[in-house]
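See below for the structure under consideration.
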Amino acid sequence: MAAYVKFYQYVDDLCKGVHNWTTSTGNVFKVVLTNTAPVQTNTVLANITQIASGNGYTTDGITTTQTLSNTTGTEKVLGTNVVWTGGPSPMAAFRYVVLYNSTPTTPLKPLVAYWDYGTAITLNNNETFTVAFDATNGIWQLT
């Protein structure tokens, strides 16, 4: 998977209690696709230009279910993989995968991180793209 890049505002939002990663009572985190490079100073989903809805993509993305793991003082946030399937026509090209929190209303849909896949990807009919979060190191860690 491409390297994790956090949005700067995420750290501030995390310290202010905007994000709750707890599975049972926590927030809903989603993954969206874009072909426009995010910048680390982006703060909310409205700053991201998602690819066009249709042909396997739905605006506002797919939910990843998160779990927490703590080993010797290192907390890891683990996420379930998300999968898109193209079709019947090719899905709009994308290069970046963006993770955001869909629950808060203030700020509305704050951003967490993004991954750059290095080149544009297009899914044809029945082709799939999987965002496979790191099962060992998690989406992110706090040590």
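The values are calculated or read from the model by the stated rules, or taken from the named source; none is laboratory data. Since the model is a prediction, treat every value here as computed from it, not as a measurement. Counting neighbours? That spans all protein chains shown, and the Cβs are built from the backbone with ideal geometry, glycine included.
Listed here are the residues, each with its yes/no results for (1) touching a Phe, Trp or Tyr at 6+ places or on another chain (Cβ under 8 Å); (2) surrounded by 20 or more Cβ atoms within 10 Å (Cβ to Cβ); (3) not basic (Lys, Arg).
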| site | (1), (2), (3) |
| --- | --- |
| 95 | yes, no, no |
| 100 | yes, yes, yes |
| 109 | yes, no, no |
| 116 | yes, no, yes |
| 120 | yes, no, yes |
| 127 | no, no, yes |
| 133 | no, yes, yes |
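Listed residues 81, 101, 126, 70; which is out of contact with any helix residue (DSSP H, G or I) (no Cβ under 6 Å at 6 or more places or on another chain) and either small (Gly, Ala, Ser) or farther than 24 Å from residue 21 by Cβ (or both)? Let's see the steps before the verdict.
On the way: 81 fails: either small (Gly, Ala, Ser) or farther than 24 Å from residue 21 by Cβ (or both); 101 fails: either small (Gly, Ala, Ser) or farther than 24 Å from residue 21 by Cβ (or both); 70 fails: either small (Gly, Ala, Ser) or farther than 24 Å from residue 21 by Cβ (or both).
Criteria check complete, one pass: 126.
Has the range 6-19 got at least one residue that is touching a Gly at 6+ places or on another chain (Cβ under 7 Å), at pLDDT 95 or above and more than 21 Å from residue 90 (Cα to Cα)?
No, that holds for no residue.
If a residue must be assigned to a strand (DSSP E or B) and either in contact with a Cys (Cβ under 7 Å, 6 or more places away or on another chain) or in contact (Cβ under 8 Å) with a residue 60 or more places away in the chain (or both), how many such residues does the range 115-128 contain?
Of the residues in the range 115-128, 5 are assigned to a strand (DSSP E or B) and either in contact with a Cys (Cβ under 7 Å, 6 or more places away or on another chain) or in contact (Cβ under 8 Å) with a residue 60 or more places away in the chain (or both).
One residue is enough: does the range 92-104 have a residue meeting the conditions within 22 Å of residue 143 (Cβ to Cβ) and among the aromatic types (Phe, Trp, Tyr)?
No, the range 92-104 contains no residue that is within 22 Å of residue 143 (Cβ to Cβ) and among the aromatic types (Phe, Trp, Tyr).
Which pairs do you get when a residue that is under 13 Å from residue 29 (Cβ atoms), found in the range 86-114, comes within reach of a residue that is among the acidic types (Asp, Glu) and part of a loop (DSSP other than H, G, I, E, B), reach meaning Cβ atoms under 6 angstrom, with the pair 6+ apart or on two chains?
none
Quick test of your reading of the structure: residue 22 fulfils all but one of (1) assigned to a strand (DSSP E or B); (2) exposed (fewer than 14 other Cβ atoms within 10 Å of the Cβ); (3) not aliphatic (A, V, I, L, M). Name the failing condition by number.
All conditions are met except number (1).
If the Cβ limit is 9 Å and pairs must be 6+ apart or interchain, which residue in the range 10-35 that is under 29 Å from residue 118 (Cα atoms) and touching a residue at least 40 places away in the same chain (Cβ under 8 Å) pairs with which residue that is of a type in the set (D, E, K, R) and in a strand (DSSP E or B)?
As it stands, the answer is 21/75; 33/95; 34/95; 35/95, since those pairs meet every condition given.
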